[in-house]
Amino acid sequence: MRLVLAFLLLISLSFSKESLIATTYPIYYPLAYLAGDIYKVSVLISAKADVHHYELKPRDRKILKESKAVFTLGLESWEKKLPVEKHRIYFLHQDIDFITIGRYKDPHVWMSPRSYQKLVDNVFKTLTNIDPKNGELYRKRYEDFSKRLRELDSEFGRVFSTCKSKWIISTHLSLSYLARDYGLIAKGLRGVHAEEEPKPSEIFSLIKLMRSESIKAIFVEEGYSDGVAKKLSQETGANIYRINTSLYPSNQNDDYFSIMYRNLRSLAEGLNCRRY
């Protein structure tokens, strides 16, 4: 009887957990790792969508209203207009050395493990401010996550130091932090926002660059059209490779690290690196 009561109590506690919302997967992964035992952690944009111009759905408004706190980077205009009281929304862009491209700050810090660390730091600091009584647990989890980030950073550095090509041509400019941190050169078919279609003159200029530099790889991001990439491939003989820059999980067990190791394999193949 006692075992049954204990089991029912555990079930009751699991259903009574307060919820924390991360707007995107790059925020969700560290937040879930740190606080998943204490809170029900969910991600707002759980299906592939244009994160730069996201429009809230009725389901989104419901989970936002029921959450204890909302964690968001805070660079996109829709993030600043979320229907959440000020005391429940936490922006995570503080003290991050963002790259500015045109009129926009590039949000894709998670594509470099080295730059991503500052965002993880901000998730940890915010969480401990919200819930200081569980601070020791969060600190241990944060140290574990950061250790794995350092190992991933080391692997990225080792692999990219062996590449025969340093040019990363991608669907849109989402790899600037990766290029900055690991001695590569990033060029995008579009700007920071993927809907920015390149002009014919820009495509011609890119074809000219790829031919002159013997660039043989184009990286197409999952969820985006590969139409222009195919044209570039036809004109230059470059191969097309897939990368996941939004960090949407491909399977149930995916996390930041499994996705980024897959990205590394794809990048290493395209840049002709000695991988492992």
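The table for this structure:
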item: The chain, dipole about Cα centre (Lys/Arg Cβ +1, Asp/Glu Cβ -1), debye to the nearest 20; result: 200
item: Histogram of C-alpha separations across the chain, 10 Å bin width, %; result: 6, 27, 32, 21, 10, 3, 1, 0
item: Charge sum, other residues only, whose C-beta stays under 11 Å from I38's C-beta, Lys/Arg counted +1 and Asp/Glu -1; result: +2
item: Among S205, S19, S146, residue whose mean-square fluctuation peaks in a GNM of the chain (springs only between Cα atoms under 10 Å); result: S205
item: Dipole magnitude of the range 135-258 about its Cα centre (Cβ charges: Lys, Arg +1; Asp, Glu -1), debye to nearest 20; result: 460
item: Per-residue SASA entry for R141, accessible area with 1.4 Å probe, Å² rounded to 10; result: 60
item: FRET efficiency, K166 to Q252 (Cβ-Cβ, R0 25 Å, nearest 0.05); result: 0.10
item: Spin-label pair S19/R158, simplified geometry with 7 Å Cα→Cβ offset, distance in nm; result: 4.2
item: Efficiency of FRET between R274 and K57 - r from beta-carbon atoms, R0 30 angstrom, step 0.05; result: 0.10
item: Placed amide H near I168: partners under 5 Å, 5+ positions off or other chain; result: I185, A186, K187
item: Listed residues R103, R211, R242, most fluctuating in the chain (Gaussian network, C-alpha, under 10 Å); result: R103
item: 5 angstrom amide H check on K105, placed H, neighbours 5+ away; result: none
item: Centre separation in Å (Cα based) which lies between the range 208-276 and the range 60-135; result: 27
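The values are calculated or read from the model by the stated rules, or taken from the named source; none is laboratory data. Since the structure is predicted, the reported quantities are computational estimates derived from the model, not experimental observations. For neighbour counting, all protein chains shown are included, and Cβ atoms are generated from backbone atoms with ideal geometry for every residue, glycine included. Ligands, DNA and RNA are excluded from the accessible area calculation, which covers all protein heavy atoms including side chains. Shrake-Rupley method; radii C 1.70, N 1.55, O 1.52, S 1.80 Å.
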